[in-house]
Amino acid sequence: MQINKTKFTLVIMGPPYGSQSASSAFQFCKEAVENGHHIVGVFFYQHGVLNGNQLVSPTTDETNLPQHWAALAHKYKFPLEVCISAALRRGVVDQSEAQQLALTQFNLTTPFVLSGLGQLAELSAQCDRLVTF
Amino acid sequence: MPEKKVALVNRKASYGSTDGRESLDALLALATFNNSLSVFFIGDGIYQLIKNQLPRLILQKNYQPVFKLLDLYDVKNIYVCEDSLKRRNISENDLIIKVAMLSNKELKQHLAQQDQLLGF
């Protein structure tokens, strides 16, 4: 059976732990790509930027959402865009920002990338449906 | 393809969470790319627009001056839920910018017209 493919943009505003937002988003995203839909991109804003923090370390019998996002994005080749202004305020930093800000650490690794809110406009324009979590 | 109608919906008060401020940041960023934006203030969201706030007293930055930029960024569709104002005994004169008042029915109609909603 032919399915109608939809181009989705997901906007995640919730943290990887503490609210259901990002977990629901991940499950939605996984089902969508596994059923042949296209993810234009996932934009992490507000507390959602914490999903890009690779230092998140839940116990082994719990879900490590940052790792799950990274694996899914790697497998299906869609971008994970993290809002830079929201990220820096919350201590989520990539290597080049860490150097610029003279920080001794960074915690954002590929395939997450820091990008601006302009990218949200771009993702909004490119998709058939924008879903916020 | 016509430009998408995108709306930001604010339901939280100015401070206590950063939702109001981050919603406004997103609104200005989107406004540079999209001329079909709307912004709604519903429920406690209307508190964001009340004049004379002093957030420095609670270690927060006052983001209200940014609302004045909406005109410059050509964001004209600024809607406030009339019922929410009335319930809180707030008058239109208490608000820092000029807004359009919507009844509950009008609010539903306007929200239904949007292609995309971002809720804060």
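The values are calculated or read from the model by the stated rules, or taken from the named source; none is laboratory data. Remember, predicted model here, so these are calculated numbers, not experimental data. Cβ: placed from backbone, ideal geometry, glycine included. Neighbour counts: every protein chain shown.
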Point to revise | In segment A:55-73, the residues that are over 13 Å from A:P15 (Cα atoms) and within 12 Å of the chain's Cα centre (by Cα) | key: A:Q67, A:H68, A:A70, A:A71, A:L72, A:A73
Check your understanding: For B:V80, which of the numbered conditions (1) more than 14 Å from chain A (Cβ to nearest Cβ); (2) at pLDDT 95 or above; (3) not in a strand (DSSP E or B) fails to hold?
Key -> (3)
**Study point:** Check on B:R11, away from every other protein chain (no Cβ under 11 Å), charged (D, E, K, R) and either closer than 20 Å to A:G14 by Cβ or buried (at least 23 other Cβ atoms within 10 Å of the Cβ) (or both)
**Key:** yes
Review point. Checking B:L85 against (1) touching a residue at least 40 places away in the same chain (Cβ under 8 Å); (2) not in a loop (DSSP other than H, G, I, E, B), which test does it fail?
Key: (1)
Check your understanding: Which condition number does B:Q53 fail, the rest of (1) free of Cβ contacts under 8 Å to residues at least 40 places away in the same chain; (2) under 19 Å from A:Y45 (Cβ atoms); (3) away from chain A (no Cβ under 13 Å) being met?
Key -> (2)
Check your understanding: Does A:L120 satisfy being touching a helix residue (DSSP H, G or I) at 6+ places or on another chain (Cβ under 6 Å) and modelled with pLDDT of 95 or more?
Key -> no
Exercise for review: Look at segment B:91-113 and say how many of its residues are within 23 Å of B:L69 (Cα to Cα) and either of a type in the set (D, E) or not in a helix (DSSP H, G or I) (or both).
Suggested key: 11
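To keep it simple, each residue is scored yes or no on (1) more than 14 Å from chain B (Cβ to nearest Cβ); (2) part of a loop (DSSP other than H, G, I, E, B).
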{"site": "A:T9", "(1), (2)": "no, no"}
{"site": "A:P16", "(1), (2)": "yes, yes"}
{"site": "A:S19", "(1), (2)": "no, yes"}
{"site": "A:A25", "(1), (2)": "no, no"}
{"site": "A:V33", "(1), (2)": "yes, no"}
{"site": "A:F43", "(1), (2)": "no, no"}
{"site": "A:H47", "(1), (2)": "no, no"}
Review point. What about A:E97, is it of a type in the set (D, E) and away from every other protein chain (no Cβ under 14 Å)?
Key: yes
Exercise for review: For segment B:43-75, name all the residues that are in a loop (DSSP other than H, G, I, E, B) and in contact with a helix residue (DSSP H, G or I) (Cβ under 8 Å, 6 or more places away or on another chain).
Suggested key: B:K51, B:Q53, B:K61, B:N62, B:Y63, B:Y73, B:D74, B:V75
**Study point:** Filtered residues of segment A:102-128 (kept if away from chain B (no Cβ under 14 Å) and farther than 16 Å from A:G48 by Cα)
**Key:** A:A102, A:L103, A:T104, A:Q105, A:F106, A:T110
Point to revise | In segment B:54-81, the residues that are crowded, with 18+ Cβ neighbours inside 10 Å and not aromatic (F, W, Y) | key: B:Q64, B:L70, B:V75, B:I78, B:V80, B:C81
Check your understanding: Does B:L85 qualify as being away from every other protein chain (no Cβ under 14 Å) and among the hydrophobic types (A, V, I, L, M, F, W, C)?
Key -> yes
Exercise for review: Give segment A:42-79 a look and list any residue that's surrounded by 13 or more Cβ atoms within 10 Å (Cβ to Cβ) and on the phi > 0 side of the Ramachandran plot, or say none.
Suggested key: A:Q46
Practice item. Kindly indicate whether B:Q113 is surrounded by fewer than 12 Cβ atoms within 10 Å (Cβ to Cβ), in contact (Cβ under 8 Å) with a residue 60 or more places away in the chain and out of contact with any Phe, Trp or Tyr (no Cβ under 9 Å at 6 or more places or on another chain). Key: yes
